[in-house]
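The values are calculated or read from the model by the stated rules, or taken from the named source; none is laboratory data. Just so it is clear, the structure is predicted and the values come from calculations on it, not from any experiment. All Cβ positions, even for glycine, are placed from backbone atoms using ideal geometry, and neighbour counts span all protein chains on display.
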């Protein structure tokens, strides 16, 4: 769901790598999620700070590695898309192997 | 180096021409696997932080990339057996996603291993005398060598025994485990340099002096990356007996004086550049004169043992000419094209060296599926004495194939999708993984390689164009060797989009040169058009038998630049 946002603030999600598997994960409302669509979105600085703090705590508790905030565009349906191409690839998988990574998993092709 | 027991027989199932681990090697690798298993367990249990764990995983070749962990497996000087290749395929299927990526350092990378599985993967590698030690970190990395070693018609001496000596000397070398930066050594024993020795921290070329003694030409301070340099001649002739001590002296000087304040200025090339070659030489010679050289003393018996490990296979006495080969070429144009491009002269009559291209048209350079790995293993068991090589051009070599068997081999390779006849041609592109996998990358490189490959898909046209090395890196670290591509392409980020700088005139061989910038960066979509315009200009201007790089040298960079600019006015964007 979208909500009123500060036009000067770029919405953000928290991205990290799962420690045990290395898979890209996003912090959601109920914990770490494999899909970007379930990521919790920060719409202002305070929410972003809370996400950042949660990321630091998850790194400290050895749940994830290398957590950082990612600027996203949020569409009318509330779905986030990273603004930078690097994180777009991280959220999808290799652009040269559409049969692998999250893009395959999200399409129900099965993520080996 | 003397820890090896010469009485031990070679390990069963190893190819006769490959160095076989003895008990010392095997115990060392097994101990490291057990050690790393414990480190992984402590990391997963939270006893080690990522900061504490990172050096341990890097020492064992394990990176964390964009989508997953990445494990880089060492293939010493690019040599491996069919048994090892089958094991690489097995690992790809069991713990990864059914493929692997052969790199410009003659290694193999798995792109999807899970941390929890890595100890088991390392155990499986150890089962076939392989490991991932020193494929990362600020240490002496996997030593690379001419992929035609031992079989090249232009070879003075097989560089593999030297490379093996260096592997043993540098493995877990306590003093050089925390160098200012990574350190890469390449060895060549032939007239033509196929190991790119002038772009390594140390390049060794086996040479003969006026007295007919074998020794080494020592080149130091070459490297690519952010600040590319062609290596400089440190010693014209180093007697063989002094090799390890002299390299020890070089590394000591580097370890002592190499910069540690700035990682971008920490490679030995910067030390050589800032200090001056003469001063570095004086320091190395002073260290060499002062040091205790006894631990590095020449051991003729050990050399004999190592050389014996690389003894040639049981070649048959064959005529140089093969009627069957000639007949097959005459009857099958596709095979004739393959033979013209992917088959090289062998030093033994009746045999040939075959390059198996991992660059299918539109494919991912260096990638091989597990099925293809098994096909390669089967092919070399049938036709090549069970041995394979990985080239720094990201291809696979079958070093000993009877000319009589070339047609049958080609048919088998064709069935496995491994018979692309483009070795050394414009679609035989070196490419790093780029931003499709690598966390350091600033832009993608594989799709650029694919687009160029598809643009020049016509193999007949490729043969008309002739030898032309295109090399692509997805960031300034230059893993794709773009600086030494006759056409080099560097992917960068510019104003939030991927942008590609093109360079011309790079050369990785003994006539090494760093490419010159063509102009401002262009978009990904524009790259094939720019390459097309450069190729057309070259074809219009070249003289008989002249390769792209030769035409560029004769005409000069300005002419090519002007040509591309004219194209740019028509829309290529330069």
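Rundown of residues vs (1) farther than 23 Å from residue A:9 by Cβ; (2) in a loop (DSSP other than H, G, I, E, B); (3) within 14 Å of chain B (Cβ to nearest Cβ), yes/no style:
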{"site": "A:21", "(1), (2), (3)": "yes, yes, yes"}
{"site": "A:27", "(1), (2), (3)": "no, no, no"}
{"site": "A:48", "(1), (2), (3)": "no, no, no"}
{"site": "A:51", "(1), (2), (3)": "no, no, no"}
{"site": "A:56", "(1), (2), (3)": "no, no, yes"}
{"site": "A:59", "(1), (2), (3)": "yes, no, yes"}
{"site": "A:65", "(1), (2), (3)": "yes, no, yes"}
{"site": "A:70", "(1), (2), (3)": "no, no, yes"}
{"site": "A:77", "(1), (2), (3)": "no, yes, no"}
Task: Conditions (1) within 13 Å of another protein chain (Cβ to nearest Cβ); (2) surrounded by 14 or more Cβ atoms within 10 Å (Cβ to Cβ); (3) over 28 Å from residue B:97 (Cβ atoms); number of the one not met by residue A:85 - done: (3)
Open item on the list: Given the condition assigned to a strand (DSSP E or B), crowded, with 21+ Cβ neighbours inside 10 Å and assigned by TED's automatic domain parsing to the domain that holds residue B:271, answer yes or no: does some residue in the range B:232-244 qualify?
Closed with: yes
Task: Filter result (touching a helix residue (DSSP H, G or I) at 6+ places or on another chain (Cβ under 9 Å), facing chain A (nearest Cβ under 8 Å) and not in a helix (DSSP H, G or I)) within the range B:38-68 - done: B:49, B:64, B:66, B:67
Task: Filter result for residue B:358 (outside any helix (DSSP H, G or I) and buried (at least 19 other Cβ atoms within 10 Å of the Cβ)) - done: yes
Task: Number of positions in the range A:14-52 that are in contact (Cβ under 8 Å) with a residue 40 or more places away in the chain, farther than 17 Å from residue A:63 by Cα and buried (at least 17 other Cβ atoms within 10 Å of the Cβ) - done: 2
TODO: Quick one: in the range B:317-343, of everything that is farther than 27 Å from residue B:164 by Cα and not in a helix (DSSP H, G or I), which residue is nearest to the chain's Cα centre (by Cα)?
DONE: B:320
Task: the range B:109-138: number of residues that are farther than 21 Å from residue A:20 by Cα and within 14 Å of chain A (Cβ to nearest Cβ) - done: 0
TODO: Among the residues of the range B:249-265, write down those that are surrounded by fewer than 21 Cβ atoms within 10 Å (Cβ to Cβ), in a helix (DSSP H, G or I) and touching a residue at least 60 places away in the same chain (Cβ under 8 Å).
DONE: B:252, B:255, B:263
TODO: Please go through the range A:99-109 and pick out each residue that is part of a loop (DSSP other than H, G, I, E, B) and within 11 Å of chain B (Cβ to nearest Cβ).
DONE: A:99, A:100, A:101
TODO: Select, from B:267, B:259, B:281, B:226, the only residue that is at pLDDT 95 or above, out of contact with any strand residue (DSSP E or B) (no Cβ under 8 Å at 6 or more places or on another chain) and within 22 Å of residue B:139 (Cα to Cα).
DONE: B:259
Open item on the list: Could you check the range B:96-116 and list, in sequence order, the residues that are farther than 23 Å from residue B:432 by Cβ and surrounded by fewer than 22 Cβ atoms within 10 Å (Cβ to Cβ)?
Closed with: B:114, B:116
Task: Hits in the range B:423-469 (condition: away from chain A (no Cβ under 14 Å), crowded, with 24+ Cβ neighbours inside 10 Å and part of a loop (DSSP other than H, G, I, E, B)) - done: B:425, B:426, B:427, B:428, B:469
Task: The one condition in (1) closer than 24 Å to residue B:362 by Cβ; (2) over 20 Å from the mean Cα position of the chain (by Cα) that residue B:381 fails to fulfil - done: (1)
